[in-house]
Each structure stands twice: as structure tokens, then as C-alpha cells.
Amino acid sequence: MHLIIDGYSSNQEILQDEDSLRDWLESYPSEIGMTRISAPLVLRYTGDKLEDWGISGFVFLAESHISVHTFVEPCYVNIDVFSCKDFDTERSVKDCQDKFQLVRLRTQVLDREWAEKPSTAASS
């Protein structure tokens, strides 16, 4: 499953708080039954245009990954929760909405599972 959240926050401060994002990426996977296999990586990004700056965070999971990209000036955030096992996407949307104080959001859930294993000939 791949949960994609695009949203606008009411709080610019949370979108630029590297420590808060790092702490969340450290603790959140276990809250949704996933296994963190790396320390979170959080980086500040400054683009060519001032309004493009923000922070990005990523954590590897045994099940796949969670990534967050913020754009502070427009109060915009992209969040991906990607897992090879099922998880409660409605809970994750609510958790992310609360964490990032989202006032407007769009979500997508993609099923990334094969219905059946392709034959060797078909996959070459």
C-alpha cells in the first residue's frame, strides 16, 4: 500500500522544525505496526527561489519507507507512507493531519501488490 498525502498546514513553524520531524520519523513507524531499519534522515533544502525552501525527511522501514517534504512559504507538505503490508490508511491520514496541522489535504491510496506472480518469460 502506498498512502500519498498532499496538504496545506496552518502552522509554518512545524514545517520547518527539523527536530520535530526527526522525532516523528523515529517514533511513528512503530505506532502503525512497522519496523524502522534506519535512523531518520532530515535535511534542510534551500532552492533557487526563496519560496522553495523547506525540509525533507526519510526513514527506511523493513516494510518500505516514510518520506516527508515540506515547503514552508506556501505551508505545503507531501507525505508518503509506503508499505508492503497493509496498514490503517485512515488512521495514518488522521495522524498526519494532526502532526502537521493540515487544514486542507488530498489523499491517494495505491495498491502496489501483484495479483499473482508474473512468469519469468513475461517479466524479461
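The values are calculated or read from the model by the stated rules, or taken from the named source; none is laboratory data. The shown structure was predicted, so the numbers you read here are calculated from the model rather than taken from an experiment. Counting neighbours? That spans all protein chains shown, and the Cβs are built from the backbone with ideal geometry, glycine included.
The table for this structure:
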{"quantity": "Strands (runs of 3 or more DSSP E) completely within the stretch 15-71 that count 3 or more residues being touching a helix residue (DSSP H, G or I) at 6+ places or on another chain (Cβ under 7 Å)", "calculated": "54-60, 64-71"}
{"quantity": "Members of the stretch 1-16 that are touching a residue at least 24 places away in the same chain (Cβ under 8 Å) and among the acidic types (D, E)", "calculated": "D6"}
{"quantity": "Condition broken by L61, with the remaining ones in (1) touching a Lys or Arg at 6+ places or on another chain (Cβ under 8 Å); (2) surrounded by fewer than 17 Cβ atoms within 10 Å (Cβ to Cβ); (3) aliphatic (A, V, I, L, M) satisfied", "calculated": "(2)"}
{"quantity": "Boolean, L102 is within 24 Å of S10 (Cβ to Cβ) and surrounded by 12 or more Cβ atoms within 10 Å (Cβ to Cβ)", "calculated": "yes"}
{"quantity": "Identity of the residue in the stretch 64-75, in contact with a strand residue (DSSP E or B) (Cβ under 6 Å, 6 or more places away or on another chain) and on the phi < 0 side of the Ramachandran plot, that ends up surrounded by the fewest Cβ atoms within 10 Å (Cβ to Cβ)", "calculated": "S67"}
{"quantity": "Qualifying position, being farther than 16 Å from I4 by Cβ and either at pLDDT 95 or above or of a type in the set (S, T, N, Q) (or both), among T120, T70, T89, T107", "calculated": "T120"}
{"quantity": "Within the stretch 83-92, considering residues that are part of a loop (DSSP other than H, G, I, E, B) and of a type in the set (D, E), the one surrounded by the most Cβ atoms within 10 Å (Cβ to Cβ)", "calculated": "D88"}
{"quantity": "From D80, D95, residue being surrounded by 13 or more Cβ atoms within 10 Å (Cβ to Cβ), within 14 Å of the chain's Cα centre (by Cα), under 14 Å from M1 (Cα atoms) and not aliphatic (A, V, I, L, M)", "calculated": "D80"}
{"quantity": "Those residues of the stretch 18-37 which are loosely packed, with under 12 Cβ neighbours inside 10 Å and of a type in the set (S, T, N, Q), in sequence order", "calculated": "S27, S30, T35"}
{"quantity": "Residues that are of a type outside the set (V, I, T), under 20 Å from I14 (Cβ atoms) and touching a residue at least 24 places away in the same chain (Cβ under 8 Å), drawn from the stretch 46-65", "calculated": "G54, G57, F58"}
{"quantity": "Residue check for S56: more than 10 Å from the chain's Cα centre (by Cα) and of a type in the set (S, T, Y)", "calculated": "no"}
